[in-house]
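Here the structure is laid out as structure tokens; the discussion comes afterwards.
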Amino acid sequence: MTRWPAHLLNELHREWLMKKRYWFESVLGLGFMVTVFAGLLLAVVKVGGQPLEAGGADGLIVGFAVWLFALSASGSACQDVQEETSQRTLEQLCIAPLPLAGLLALRTALSLGFAVLMLLLALAGAQALTGGRLQGHWGLTLAACVLGAPALVGVGYALAGVFLLAKKAEMLQVITLPLVIALVALPAYPVNGLAALPYALAAATARASALGTVPSPTTWAWIALNAAFWGLLGGMAYRALEQRARRLGVLGHF
């Protein structure tokens, strides 16, 4: 247990160095996301024939903020495995004092922390874009996103396990982008059959609370249960796939 704080500080320092060295890539990626959202927002306003001040696009604005958080939660582990594999440094991670799954967990935790900050900034931007019309419960919105995050982390771990075996699977990571969009956009609130999908109920609850709805205790219980189920399932899938990759001796191959 004493190793975890030291490794957490090491990973935090590594993340800071990576962001500092490749700041242009980070800024460019964020700019791309904002540009895509602005184009989508403009298209919705033009098609609907209503100005932004009319409030017709408020749900889309909040949904974009929730989607940014969901994207970070689902993509951290698989992206780390893909990058370490392409750089041929995955085997070095496997001989670290912590297991590979533990190191991925630390990086995922840091990614989630950064995603929470981005979510808060995005919600503040949503408030500005809507001219203060959104009188939602931002604390409940944040709570729904964070409580449901383990479901997407589980999905990310399952994909990371696939990357350990199928080294050239970048398209699989690309496919997750519309998949996460679909999960965030599903009308799973109030609780219905769609709530069984990973993170769908958490995202729908976050959107509803941002628009002023107060979820019931039953809804929170279902979000926690969904997060625990998909998080555990993803962790089990990762463990099985990592063990198979070790048996086949392909961890360091690319």
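Values quoted throughout were computed directly from the atomic coordinates according to the rules given, and no laboratory measurement underlies them. Because the structure is a prediction, the values reported are computed rather than measured. Here the Cβ is made from the backbone with ideal geometry for all residues, glycine too, and neighbour counts use every protein chain on show.
General remarks:
- Cβ-placed point charges (K, R +1; D, E -1), dipole of the range 3-248 about Cα centre in debye, nearest 20: 420
- Computed Kirkwood radius, in angstrom, where 1/r is averaged over Cα pairs of the range 200-242: 11.6
- The Cα-based radius of gyration of the range 3-248, divided by its Kirkwood radius, gives an Rg/Rh of 0.99.
- Residue-wise HN-Hα coupling along the range 185-193, computed from phi with Karplus coefficients 6.51, -1.76, 1.60 (Hz; x: Gly, Pro): 8, 5, x, 8, 10, x, 3, 9, x
- Hz values of 3J(HN,Hα) by residue in the range 212-221 - Karplus curve (6.51, -1.76, 1.60), Gly and Pro given as x: x, 7, 10, x, 7, x, 4, 4, 4, 5
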